[in-house]
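Enquirer: I have a structure I would like to understand better, so I am pasting it below and will then ask my questions one at a time.
The values are calculated or read from the model by the stated rules, or taken from the named source; none is laboratory data. Keep in mind the model is a prediction, meaning the values are calculated, not measured. Ideal geometry is used to build each Cβ from the backbone, glycine not excepted, and the neighbour counts take in all protein chains shown. Accessible surface areas use protein heavy atoms only, side chains included; no ligands, DNA or RNA. Shrake-Rupley method; radii C 1.70, N 1.55, O 1.52, S 1.80 Å.
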Amino acid sequence: MKIFIDTADIEEIKTAISWGIVDGITTNPTLIKKALQKYRDRISSMEDYIKEILRIAGRLRPVSLEVISTDREKMVKEATILYEKFNYIANNVVVKIPINPNLGEGNDFDGIMAVRELKSAGIPVNVTLVMTPEQALLAAKAGAEYVSPFVGRVDDFLRTKVGMEFKKEDYFPSDGMEYDDEVINDNGIVSGVHMLSIIKEIFENYRFSTKIIAASVRNARQVREILEVGCDIATIPFYVLKDMIKHVKTEEGMINFVRDVENEYKEIFWKGE
Ligand code: G3P
């Protein structure tokens, strides 16, 4: 099982990698925008900033970088640019392509076609914005190296449909909330984690080698549920990683252990100091 960090914030990336538990990085235009807002003074060239991230990640940690266009031809061109400009740094570039880039032009399958072309060109693709098992299946058929189902956003979608008020990070159980079937359940998905479990089953049934990156992760408990499903990878925001290490009783226990250290015991380690 692998942990990726879902951020374009270079300090978060450095810190999380220094903890020794990060296997990869995922970015998207929104995360890049956030990093730009935070480090506006420090980032003189976006290219150099991305190169620095790739160097920090190193050869063993894939870094997903997203295209910005919505038609097949341009997406393939941009993917090729990303790959040619950046992959030589650490051989770790993965290009993110949206499952359906249609903004009203009726080009629902341009993402899928781009994935197929990039697969033939040997450029690894992470298909993003996946909200259903059907979309994940199409991405896998097209030859995606990774699919990224958006667990948290599926939960948001279901909650909004029932008129719930919620904070993004609120926990949503994998077996769904109490709801009236007809109100929300138009495709049988009761939570983001439920969607993941179906994708996992489909990929296993048909032996797809596409790896599942559970994305849009909002809290530590959701991480646990993702792991229970047996996903290959969870891409986790920095604040959730930090949350995963905490428990009030761990903190309390630590205070007691430190308080109870007797000098005789201390001397074993620090004699004369
Ligand atoms: O990797 C996808 C992720 O960045 C989306 O997360 O929290 O914006 O839904 P979120």
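Enquirer: When you look at ALA136, is it surrounded by fewer than 15 Cβ atoms within 10 Å (Cβ to Cβ) and of a type in the set (A, V, I, L, M), yes or no?
Expert: no
Enquirer: Moving on. Go through (1) open to solvent by less than 20 Å² (accessible area, probe 1.4 Å); (2) modelled with pLDDT under 95 one by one and return the number of the condition ARG221 breaks.
Expert: Among (1) open to solvent by less than 20 Å² (accessible area, probe 1.4 Å); (2) modelled with pLDDT under 95, the lone unmet condition for ARG221 is (1).
Enquirer: Can you list residue pairs whose Cβ atoms sit under 6 Å apart, with the first residue in region 147-167 being within 8 Å of the ligand (Cβ to nearest atom) and the second being at pLDDT 95 or above and polar (S, T, N, Q)? Count only pairs 6 or more apart in sequence or on different chains.
Expert: Here the result reads SER148/ASN126; SER148/THR128; PHE150/SER216; GLY152/SER216; ARG153/SER216, each pair linking region 147-167 to a residue that is at pLDDT 95 or above and polar (S, T, N, Q).
Enquirer: Name every residue in region 210-261 that is touching a Pro at 6+ places or on another chain (Cβ under 9 Å) and hydroxyl-bearing (Ser, Thr, Tyr), in order of residue number.
Expert: The one that is touching a Pro at 6+ places or on another chain (Cβ under 9 Å) and hydroxyl-bearing (Ser, Thr, Tyr): SER216.
Enquirer: Can you tell me how many residues within region 211-237 are within 16 Å of the ligand (Cβ to nearest atom) and in contact (Cβ under 8 Å) with a residue 60 or more places away in the chain?
Expert: Total satisfying the criteria: 17.
Enquirer: Among the listed residues ILE32, ILE25, identify the single one that is surrounded by fewer than 22 Cβ atoms within 10 Å (Cβ to Cβ) and touching a residue at least 24 places away in the same chain (Cβ under 8 Å).
Expert: Answer to the check: ILE32.
Enquirer: If you scan region 79-107, which residues turn out to be free of Cβ contacts under 8 Å to residues at least 12 places away in the same chain, under 23 Å from SER45 (Cβ atoms) and open to solvent by less than 70 Å² (accessible area, probe 1.4 Å)?
Expert: ASN87
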